[in-house]
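Everything on this sheet refers to the single structure shown next.
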Amino acid sequence: MAVVASAPGKVLMTGGYLILERPNAGIVLSTNARFYAIVKPLYDAIRPDSWAWAWTDVKLTSPQLSRESTYKLSVKNLTLECVSSSQSRNPFVEQVVRYAVAAAHATLNKDKKDALNKLLLQGLDITILGSNDFYSYRDQIEARGLPLTPEALAALPPFTSITYNVEEGKGQNIKPEVAKTGLGSSAAMTTAVAAALLHYLGVVNLSSLSKDKDSSDLDVVHIIAQTAHCIAQGKVGSGFDVSSAVYGSHRYVRFSPEVLSSAQDASKGIPLQDVIASILKGKWDHERTIFSLPPLMNLLLGEPGTGGSSTPSMVGAVKKWQKSEPQKSQETWSKLSEANSALETQFNILSELAKEHWDAYKGMIDSCSIQKSEKWMEQAAETTQEAVVKALLGARNTMLGIRSLMRQMGEAAGVPIEPESQTRLLDTTMDMEGVLLAGVPGAGGFDAVFAITLGECSSKVTKTWSSRNVLAMLVREDARGVSLESGDPRSEEITSAVSAVQIQ
């Protein structure tokens, strides 16, 4: 009777900062790093006196953190009270539980509500698991004296435990010993739990998701996950990370924040199921256009290990600059928006060429994958091949322009969007055979770098990165969004490490 759902992590390839404001678009790629949620009854049977219960039990287990939280959920007003140590609380899951149950009350008819009440009185047993890719293990790899290679990452057991530092003298758990890799773990986790709960409670049926991803059930998962994520964070972000966790890779324009204004009404005494009913019917005006990398192109992610960046403080600095220099900042944003659109256009041209002229397209990708970019045009012998190379070089030059504008914005705002150390690494990467482009994902900083490579040249990039103390991760693009799984991933070992054997 257990329901297992999973949702992917993301990489924001274009649209850093701009994506916070409509109508700017960003390209977000979903990955093979996935968060899993397992939902099943806490008790096998309902006790005879259960009709009188005002509360039901909820248990949340996170094996990787060795944490278990227990809650009491009010059957009537859907408040959730933690009855275990407050240190182990998870605000994202707490909000999802409340909103998913409220959605069930708001949308199910009377016949189904009887079944819903029985499910709730059996309690909810929720387990969350995240792929290793969401966390940084470079310190452990270095401590073991192993080289910084994808093979060392692949040798880690799936769902490796994450230990916490203990603050001396106080005996308190403080920040995790294992840092995150910036793939949007909270959004993927929130989405996976929302999907599993909504399917388990009968609100949606995710067992036959349509290939075009145009499913009203997915839209319900998106709204519940997006609402829970924003309320748990205490702010209404752009939502691209939740959107890609639900729908997979796409071009994204954010929703108007006002659609969530009624979410605050729950604190004014309005029943939560009425609030959720209103949000489900609200005007969600986000835009989503199907996008994924053209064939024979690979996403590579590297972790430089030069210290983390705080996205909120960097965003704050950019907003401050926008207010102090409105004209200059607007000019930069307009140029960036145009460049982001131009890059998307070049990728779309390449996807179309692959569809219409596969042999010519594949031949040019194979040839360019073993040459530096200045030699690419020499490989083209006829018009279609020239069109492929022209689009490749167009994408490459556009990315150089995007990087330049992002650096200018960082300098003007006084934040390291593309720090010098990253610039040197990215320039070296882009100068290699078969590398189409490279950049810093999302808001930039020191956390990560990405590259898009052609054909089979990825191993050269990972070796070069290793020699420069950059750990190439196992993450690849996977355009699939939220999914139902056939069983517990620990027994089936569904993990990106399984495919590591195929990394060239």
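The values are calculated or read from the model by the stated rules, or taken from the named source; none is laboratory data. Given the structure is predicted, the values throughout are model-derived calculations rather than measurements. Glycine gets a Cβ as well: all are built from the backbone with ideal geometry, and neighbour counts include every protein chain shown. The area values use the complete protein model at the heavy-atom level, side chains included, leaving out ligands, DNA and RNA. Shrake-Rupley method; radii C 1.70, N 1.55, O 1.52, S 1.80 Å.
Tell me, yes or no, whether the range 28-47 has at least one residue that is among the acidic types (D, E) and open to solvent by 30 Å² or more (accessible area, probe 1.4 Å).
Taking the range 28-47 and keeping what is among the acidic types (D, E), we get 44.
Those still in the list that are open to solvent by 30 Å² or more (accessible area, probe 1.4 Å) too: 44.
Looking for residues that are among the acidic types (D, E) and open to solvent by 30 Å² or more (accessible area, probe 1.4 Å), one finds at least one in the range 28-47, hence yes.
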Determine which member of the set R396, R407, R403 is within 30 Å of A317 (Cβ to Cβ), open to solvent by 50 Å² or more (accessible area, probe 1.4 Å) and basic (K, R). R407
Give me a count of the residues in the range 307-359 that are in a loop (DSSP other than H, G, I, E, B) and open to solvent by 40 Å² or more (accessible area, probe 1.4 Å). 5
Given (1) part of a loop (DSSP other than H, G, I, E, B); (2) without any contact (Cβ under 8 Å) to a residue 24 or more places away in the chain; (3) surrounded by 14 or more Cβ atoms within 10 Å (Cβ to Cβ), where does S367 come up short, assuming only one miss? (1)
Residues R67, R98, R144, R47: which one is within 30 Å of W465 (Cβ to Cβ) and not aliphatic (A, V, I, L, M)? R144
Mind checking which pairs have a first residue in the range 52-69 that is closer than 20 Å to F92 by Cβ and a second that is open to solvent by 50 Å² or more (accessible area, probe 1.4 Å) and among the β-branched types (V, I, T), Cβ under 9 Å, 6 or more apart or different chains? D57/V83; L65/T163; S66/T163; S69/V83
Please name all residue pairs, on different chains or six or more residues apart, with Cβ atoms under 7 Å, provided the first residue is in the range 88-107 and is touching a residue at least 12 places away in the same chain (Cβ under 8 Å) and closer than 14 Å to M189 by Cβ and the second residue is of a type outside the set (A, V, I, L, M) and in a helix (DSSP H, G or I). F92/S186; F92/T190; F92/H229; V96/T190
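Per-residue answers, yes or no, for (1) touching a His at 6+ places or on another chain (Cβ under 8 Å); (2) farther than 22 Å from L293 by Cβ; (3) modelled with pLDDT of 95 or more:
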position: Q371; (1), (2), (3): no, no, yes
position: E374; (1), (2), (3): no, yes, yes
position: Q379; (1), (2), (3): no, no, no
position: Q385; (1), (2), (3): no, no, yes
position: K390; (1), (2), (3): no, no, yes
position: T398; (1), (2), (3): no, no, yes
position: T429; (1), (2), (3): no, no, yes
position: V435; (1), (2), (3): no, no, yes
Test each condition in (1) open to solvent by 60 Å² or more (accessible area, probe 1.4 Å); (2) assigned to a helix (DSSP H, G or I) for A277 and report the one that comes out false. (1)
Filter result for the condition that a residue is β-branched (V, I, T) and either touching a His at 6+ places or on another chain (Cβ under 8 Å) or open to solvent by 30 Å² or more (accessible area, probe 1.4 Å) (or both), over V58, V101, V93, V75: V75
Screening E338, E386 for residues that are farther than 15 Å from G15 by Cβ and free of Cβ contacts under 8 Å to residues at least 12 places away in the same chain leaves only E386
For the range 459-481, give me the residue count where each residue is under 15 Å from E303 (Cβ atoms), free of Cβ contacts under 8 Å to residues at least 40 places away in the same chain and surrounded by 17 or more Cβ atoms within 10 Å (Cβ to Cβ). 1
